[in-house]
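The values are calculated or read from the model by the stated rules, or taken from the named source; none is laboratory data. Keep in mind the model is a prediction, meaning the values are calculated, not measured. Positions of Cβ are backbone-derived with ideal geometry, glycine not excepted, and every protein chain shown enters the neighbour counts. What goes into the accessible areas is simple: the full protein's heavy atoms, side chains included, and nothing from ligands, DNA or RNA. Shrake-Rupley method; radii C 1.70, N 1.55, O 1.52, S 1.80 Å.
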Amino acid sequence: MKVYQGKAVFQRIVIAKVFYYEKAQRTVKREKVSDTAGEWKRFEAAKEKSREQLVQLHQKAVREVGEAEAAIFEVHMMMLDDDDYCDSVKNIIINQELCAQYAAAVTGDNFSQMFQAMDDDYMKARAADVLDVSERIVGILSGSHGDITTMDEPVILAADELAPSETVQMDKSKLMGFVTRYGSANSHTAILARTMNIPALIDVEIKKEWDGKLAVLDGYKGEIAIDPDLEYLAAAQQRLEEEQRRQDLLRELRGKETITEDGRKIQLFANIGAVSDAGIALQNDAEGIGLFRSEFLYLEATELPDENGQFLAYKTVAENMAGKKVIIRTLDLGADKQADYFPLEAEENPALGYRAIRICLTRPDIFKTQLRAVLRSSAFGNISVMFPMIISLSELQQAKVILAEAKAELKAQSIPYRDIEVGVMIETPAAVMISRELAKEVDFFSIGTNDLTQYTLAIDRQNPKLDRFYDAHHPAVLKMIQMTIENGHAEGIWVGICGELGADTELTETFLRMGIDELSVSPSAILEVRDKVQRCSGVRD
Ligand code: PEP
Ligand code: MG
């Protein structure tokens, strides 16, 4: 047995054989041709065929994982028409009198190396895309296109890297999990994996000799054990069975109310980061979306998302949730969430820096575009909006002014929208201390305990070295939550929690006693929390 470490993208445990995947090694021969015009026509025909395939892949991805994540195939379609790329292929065919597949393969390799050598991370990442596009064309010209459909039993897929087109084409019924050498937690592949609910590890020392061997992929520990010994395997098997039993029991809670033994009912919502997550939220019986982290639309994009793209994303979620509440949190970029096309200056203390509402209030153009999209989507469902990282009444008022301007513009353009509920995230100690004043200005509070804990305890939430000092149940944080609920209720508004603490079942009863009205948790935690709420008693106001 050998155990390899990696970074977990999705926490689950699976036991299956490894399928080692290597991109099809096509030996493209350097063949001379006499009919160069005919060869160029063959290339153009293959390009059109590629476009048809990409259109289909794009549609499939939109259906399965949503508009934003499907956008990568639009990038591939654009690459097909890139003048430099096509000129290079033409030059090799016409001037060097070489065959079309050789010209496409060489051009793909050259462009990929060029991208790989660039300093810009975004451009580096395009190296894989240009190879993907070229391989598609070469595959068509050679009469085939390799894909990952050869798996005939459930497997853990091991690969150096997976292109988005490969991930989407995979037969998901055979895929139990995957491990890759490259990729980041924000790479397209990782995002797709999370969206598809596939346990995955990245940053793993992949080895070809794993192929066909039994493995335990443990997303909790962030490791994969190859050829596990009997003891390791038995322990994994036991945990897997416990996980399964628990899931089966919890499934019986679908369709049931989130209500305590003595009849106090709360709202149990889901946190999502992508359009397609709404489906996963519904599968887990979410009563609404309590936090749509809209910045993921921005992080997955290759340029600042425009109003229409955002509108379509929010509208899709609103429609899928069919009248259930959907709370869109406005752009929370900055600190750990960086988009390449929107470079933020390096700061001494990014968590205390230029982020979230601070960016939005200094870039009202970006903010208003988002608010218009949110408002437009409200005509198609039960949409609310909330602002992150608020520390003062004046910030909230400025945000509301821009919201009012967006409404006025839409009205003047006769574009329909509803008068949506407005909330603030209570995630700074300052917001807690002025929560009575803030409550007079909004319809609800949602407590972001991840940041509230970081700022209250002065502990960087990204720094694993501080784990031993981090007390998620610190009385200071609990008192802040209590104070926020009291102040919200004193002004007649509802108060929820959307930070990770909301899913901590050791605190469910405490929150209920404090009078919490809503908990918003990751989709996979919903039934667990409902189960806990149903076991609580003596918590009626
Ligand atoms: C929070 O801070 O608790 C929160 C929900 O927001 P995020 O984790 O996205 O910062
Ligand atoms: Mg936060």
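Which members of the stretch 492-541 meet the condition of being farther than 14 Å from Ile481 by Cβ, in contact (Cβ under 8 Å) with a residue 60 or more places away in the chain and in a helix (DSSP H, G or I)?
Those that are farther than 14 Å from Ile481 by Cβ, in contact (Cβ under 8 Å) with a residue 60 or more places away in the chain and in a helix (DSSP H, G or I): Pro523, Ser524, Ile526, Leu527, Glu528, Val529, Arg530, Asp531, Val533, Gln534, Arg535.
Count, please, the residues in the stretch 416-426 that happen to be more than 16 Å from ligand 2 (Cβ to nearest atom) and either part of a strand (DSSP E or B) or in contact with a helix residue (DSSP H, G or I) (Cβ under 6 Å, 6 or more places away or on another chain) (or both). Spell out how you get there, then give the answer.
If we filter the stretch 416-426 for residues that are more than 16 Å from ligand 2 (Cβ to nearest atom), which is where we start, we get 416-422.
Narrowing the set further to residues that are either part of a strand (DSSP E or B) or in contact with a helix residue (DSSP H, G or I) (Cβ under 6 Å, 6 or more places away or on another chain) (or both) leaves 416-418, 420-422.
Of the residues in the stretch 416-426, 6 are more than 16 Å from ligand 2 (Cβ to nearest atom) and either part of a strand (DSSP E or B) or in contact with a helix residue (DSSP H, G or I) (Cβ under 6 Å, 6 or more places away or on another chain) (or both).
Just one of Ala472, Ala476 is in a loop (DSSP other than H, G, I, E, B), open to solvent by less than 50 Å² (accessible area, probe 1.4 Å) and within 16 Å of ligand 1 (Cβ to nearest atom); which is it? Let's see the steps before the verdict.
Working: Ala476 fails: in a loop (DSSP other than H, G, I, E, B).
Within the list Ala472, Ala476, the selection yields Ala472.
Against the condition surrounded by fewer than 23 Cβ atoms within 10 Å (Cβ to Cβ), under 19 Å from Lys368 (Cβ atoms) and in contact (Cβ under 8 Å) with a residue 12 or more places away in the chain, how does Pro416 come out, does it pass? It would help to see each step written out before you state the result.
On the way: surrounded by fewer than 23 Cβ atoms within 10 Å (Cβ to Cβ): yes; under 19 Å from Lys368 (Cβ atoms): yes; in contact (Cβ under 8 Å) with a residue 12 or more places away in the chain: yes.
It is true that Pro416 is surrounded by fewer than 23 Cβ atoms within 10 Å (Cβ to Cβ), under 19 Å from Lys368 (Cβ atoms) and in contact (Cβ under 8 Å) with a residue 12 or more places away in the chain.
Search the stretch 291-305 for residues being farther than 21 Å from Arg126 by Cβ and not basic (Lys, Arg), and hand back the single one that is surrounded by the most Cβ atoms within 10 Å (Cβ to Cβ).
Here the answer is Phe292.
Working only within the stretch 419-432, note down all residues that are in contact with a Phe, Trp or Tyr (Cβ under 9 Å, 6 or more places away or on another chain), over 18 Å from Ala472 (Cα atoms), buried (at least 17 other Cβ atoms within 10 Å of the Cβ) and not charged (D, E, K, R).
Of the stretch 419-432, the ones in contact with a Phe, Trp or Tyr (Cβ under 9 Å, 6 or more places away or on another chain) are 421-431.
Pick out the ones that are also over 18 Å from Ala472 (Cα atoms) and you get 421-425, 430-431.
So of that shortlist, the ones also buried (at least 17 other Cβ atoms within 10 Å of the Cβ) come out as 421-425, 431.
Answer for the stretch 419-432, where residues must be in contact with a Phe, Trp or Tyr (Cβ under 9 Å, 6 or more places away or on another chain), over 18 Å from Ala472 (Cα atoms), buried (at least 17 other Cβ atoms within 10 Å of the Cβ) and not charged (D, E, K, R): Val422, Gly423, Val424, Met425, Ala431.
Filter the stretch 492-508 down to the residues that are open to solvent by 60 Å² or more (accessible area, probe 1.4 Å) and at pLDDT 95 or above, then identify the one that is farthest from ligand 2 (Cβ to nearest atom). Let's see the steps before the verdict.
Within the stretch 492-508, the subset open to solvent by 60 Å² or more (accessible area, probe 1.4 Å) is 492, 500, 506.
When the remaining residues are screened for being at pLDDT 95 or above, the result is 492, 506.
On the way: Gly492: 25, Glu506: 21 Å.
Looking at residues that are open to solvent by 60 Å² or more (accessible area, probe 1.4 Å) and at pLDDT 95 or above, I get Gly492.
Filter the stretch 433-452 for residues that are in a strand (DSSP E or B) and near ligand 1 (Cβ under 9 Å from one of its atoms); which is surrounded by the fewest Cβ atoms within 10 Å (Cβ to Cβ)? Talk me through it step by step, then tell me what you get.
Within the stretch 433-452, the first condition is being in a strand (DSSP E or B), and the residues that meet it are 444-447.
Applying the additional criterion that residues be near ligand 1 (Cβ under 9 Å from one of its atoms) yields 446-447.
Values: Ser446: 27, Ile447: 31.
The extreme case among them is Ser446.
Which numbered condition trips up Glu486, out of (1) assigned to a loop (DSSP other than H, G, I, E, B); (2) at pLDDT 95 or above; (3) open to solvent by 60 Å² or more (accessible area, probe 1.4 Å)?
For Glu486, the failing item is (1).
Looking at the stretch 453-469, which of the residues that are open to solvent by 70 Å² or more (accessible area, probe 1.4 Å) and among the hydrophobic types (A, V, I, L, M, F, W, C) is farthest from Asp332 (Cα to Cα)?
Phe469
Identify, from the list Ala408, Ala339, Ala346, Ala430, the residue that is more than 16 Å from ligand 2 (Cβ to nearest atom), assigned to a helix (DSSP H, G or I) and out of contact with any His (no Cβ under 8 Å at 6 or more places or on another chain). Before you say what the answer is, go through the steps one by one.
Working: Ala339 fails: assigned to a helix (DSSP H, G or I); Ala346 fails: assigned to a helix (DSSP H, G or I); Ala430 fails: more than 16 Å from ligand 2 (Cβ to nearest atom).
Selected residue: Ala408, the only one of Ala408, Ala339, Ala346, Ala430 that is more than 16 Å from ligand 2 (Cβ to nearest atom), assigned to a helix (DSSP H, G or I) and out of contact with any His (no Cβ under 8 Å at 6 or more places or on another chain).
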